[in-house]
Amino acid sequence: MRICSIASGSSGNCIYVGSDTTHLLVDVGISGKRTEAGLKELDLSMRDIDGIFITHEHADHIAGLGVLGRKYGVPIYATRGTIEAIKNTSSVGAIPEELFLPIRADEKIIIKDLVCNPMKISHDAAEPVAYRISHGKKRVGIITDLGTYNDYTVESLRGMDALLIEANHDVNMLQVGPYPYYLKQRILGDKGHLSNERAGQLLCSLLHDKLQAVMLGHLSKENNLPELAYEAVRVEVTMARMHMEEEEQEPASINTSDFPMYVAARNELSKVIHIA
């Protein structure tokens, strides 16, 4: 099983997850041409794709959906709320009705030898979800576009072998940056996006001995830097471990030096993570 970010950021998101026999995309928020080019680098084509899973209807997650759907006839999996919102997005264009396959949070979908489990997230969209995808006992979680998280989020993501987690913004960069006040409030709100620090705190809740890799994704072009995201998350994990030791609790068994952590690039393929 492997996972690779074809593009990740506020300007477009497209994630590949697959096994030897099954190939999926999570979101196609970049052009069809860029999606095809990214797959080619993975020695794949859109003809190999067994399904496209959409998290929600915002443009940076569906920009290429219309072109690819019409050209290749790939099944599109999304919640009913998301499907209706996509149909009302004029820039996507008409997509054949039969391509849409409605899903529900917490109800699994089996695609050949992969199992996809949608989970609810808090974001200002019609009916947004994140995805856990498994192949046998190998499991990856892809969770972006959430303003906050709760016990349900943590429980849903426990035991993943690899994680792609949103680290959208540095709070200080956002606050002093050029965005209008209302947009800053939206991003900082419970239906907005996770900051670097909050991403690190969520990761702290998910650490376990068998975690193989973490990828930080959906970074804002205007309000973040890869090195800031990486360092902020690393510091949160280190601080959590130190706090547990000070409280004379059993410290977390691993820290960020025990597994590779990457930052997904905006316009190029990430490292391909192979789940052992």
Practice problem: For residues that are within 22 Å of Ile109 (Cα to Cα) and among the acidic types (Asp, Glu), scanning just segment 59-97, find the one that is surrounded by the fewest Cβ atoms within 10 Å (Cβ to Cβ). | Solution: Glu97
Quiz item: Taking only pairs six or more apart or across chains, which ones have beta-carbon atoms under 7 Å, a first residue in segment 265-276 that is closer than 20 Å to Glu227 by Cα, and a second residue that is open to solvent by 60 Å² or more (accessible area, probe 1.4 Å) and polar (S, T, N, Q)?
Solution: Arg266/Ser11
Quiz item: Mind checking which residues of segment 179-231 are in a loop (DSSP other than H, G, I, E, B) and of a type in the set (Asp, Glu)?
Solution: Asp190, Asp209, Glu222
Quiz item: Does Ser205 satisfy the condition of being closer than 16 Å to Ile121 by Cβ and within 19 Å of the chain's Cα centre (by Cα)?
Solution: yes
Practice problem: Return the residue satisfying two criteria in turn: it lies in segment 40-52 and is among the aliphatic types (A, V, I, L, M) and touching a strand residue (DSSP E or B) at 6+ places or on another chain (Cβ under 7 Å), and of such residues it is surrounded by the most Cβ atoms within 10 Å (Cβ to Cβ). | Solution: Ile52
Quiz item: List, please: which pairs have Cβ atoms under 9 Å, are six or more places apart or on different chains, and start with a residue in segment 215-239 that is at positive phi and end with one that is hydroxyl-bearing (Ser, Thr, Tyr)?
Solution: His218/Ser8; His218/Ser10; His218/Thr144
Exercise. State whether one or more residues within segment 140-151 are in a helix (DSSP H, G or I), under 13 Å from Met119 (Cβ atoms) and under 18 Å from the mean Cα position of the chain (by Cα).
Key: no
Quiz item: Residues in segment 176-184: is at least one within 30 Å of Val17 (Cβ to Cβ) and either out of contact with any helix residue (DSSP H, G or I) (no Cβ under 6 Å at 6 or more places or on another chain) or buried (at least 21 other Cβ atoms within 10 Å of the Cβ) (or both)?
Solution: no
Quiz item: What tally of residues in segment 4-39 results from selecting those that are acidic (Asp, Glu) and either in contact with an Asp or Glu (Cβ under 8 Å, 6 or more places away or on another chain) or buried (at least 24 other Cβ atoms within 10 Å of the Cβ) (or both)?
Solution: 1
Quiz item: Out of segment 98-114, which residues are surrounded by 16 or more Cβ atoms within 10 Å (Cβ to Cβ) and either within 25 Å of Arg158 (Cα to Cα) or acidic (Asp, Glu) (or both)?
Solution: Ile103, Ala105, Ile109, Ile111, Leu114
Exercise. Name every residue in segment 202-219 that is surrounded by fewer than 17 Cβ atoms within 10 Å (Cβ to Cβ) and under 21 Å from Leu146 (Cα atoms), in order of residue number.
Key: Ser205
Self-check item: Matching helices (runs of 4 or more DSSP H) fully within segment 1-89 where at least 1 residues are over 20 Å from Leu99 (Cβ atoms)
Solution: 32-41, 59-62
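The values are calculated or read from the model by the stated rules, or taken from the named source; none is laboratory data. From a predicted model like this one, the values you see are computed outputs, not experimental measurements. Please note: Cβ atoms are built from the backbone with ideal geometry, for glycine as well, and neighbour counts cover all protein chains shown. Quick note on the areas: whole protein, heavy atoms, side chains included, nothing else; ligands and nucleic acids left out. Shrake-Rupley method; radii C 1.70, N 1.55, O 1.52, S 1.80 Å.
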